[in-house]
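Working notes, beginning with the structure itself.
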Amino acid sequence: RGHAYYDFSPPASLPADDADADDAPTPTPASPPPARGAAKKAALHAAAVAAAASSPGATPLIASSSSAVHRRWLSLSPDEIRARLANGEKYIIRLKVPHANPPVVFDDIVRGRITIPMSSIDDTVLLKSDGFPTYHLASVVDDHEMRITHVIRGEEWISSTPKHVLLYASFGWTAPRFAHLPLLLNPDRSKLSKRHGHSNSDYYVARGFFPESVMNFLALLG
């Protein structure tokens, strides 16, 4: 349906963020992707070929220069893509952001309505050259499969949410409600980690902290 496309750029020519193309730890090659991902991978391949079929000739002029560079691959015909695949060329699959469309708008439970211009959203990598999905694709598919209704996470994920909203729309799925919470910080203003301080709950049990008190304290942070 034209929501994604192949990028045959050599890995060495990609920027570091595209070469790594992830926001979360990648599964080891020893553990294959879940079987349910095969259908989504096939759908991505079909979408990428459809994007080529629907985008003959020149690449549209867009605000994101990096996306403009990547979109040179949209000039490939479906036959050229199939030939490259048959030759075993390495590739990644990118989200084809509809830059000509109105901005992405979503209602955040904490922050209210958020509007992101399409021109500021890059054609992020969905499927890496090793066949594994990036966090953006994997999280959307997993949340849909698990029937997640509310995604509650830190505010650093706001910039990624438009990509997730576009992915839900591309698959024809209803997006969950989003709530982006303020980050919890250490005294030095660095991001609080579960590994900082007394991370073992036994520490608080041994010192007589009531569970209700701890829960109340955590709920009111941020």
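Annotations for the structure displayed:
- Accessible surface, 1.4 Å probe, highest first, among residues S120, S170: S120, S170
- Amide H contacts under 5 Å for S9: I92, restricted to partners 5 or more places along the chain or on a different chain, H placed in the peptide plane at 1.01 Å from N.
- The share of accessible area on segment 152-220 that comes from carbon and sulfur is 59 percent, using a 1.4 angstrom probe.
- Using every pair of distinct Cα positions in segment 82-211, the Kirkwood expression returns a hydrodynamic radius of 17.8 angstrom.
- Rounded to the nearest 10 square angstrom, I109 shows an accessible area of 90 square angstrom against a 1.4 Å probe.
- Approximate spin-label separation E212-F8, in nm, with each point projected 7 Å along Cα-to-Cβ: 6.7 nm
- Per-residue packing, averaged as other Cβ atoms within 10 Å, sorts the ranges 121-128, 185-192, 93-100 into the order 121-128, 93-100, 185-192, beginning with the highest.
- Accessible area per residue in Å² at 1.4 Å probe, computed on segment 64-222: 59 Å²
- Of the residues S193, S160, S75, the one with the largest accessible area comes first in the ranking S75, S193, S160, computed with a 1.4 Å probe on protein heavy atoms.
- Farthest toward the positive end of the dipole of segment 123-218, out of Y168, S193, I158, is the Cα of S193, where the dipole comes from beta carbon charges about the Cα centre.
The values are calculated or read from the model by the stated rules, or taken from the named source; none is laboratory data. What you see is a predicted model, and the numbers here were worked out from it, not measured in a lab. A quick note on method: Cβ atoms are made from the backbone with ideal geometry, for glycine too, and the neighbour counts reach across all protein chains shown. All accessible areas refer to the heavy atoms of the entire protein, side chains included, with ligands and DNA or RNA removed. Shrake-Rupley method; radii C 1.70, N 1.55, O 1.52, S 1.80 Å.
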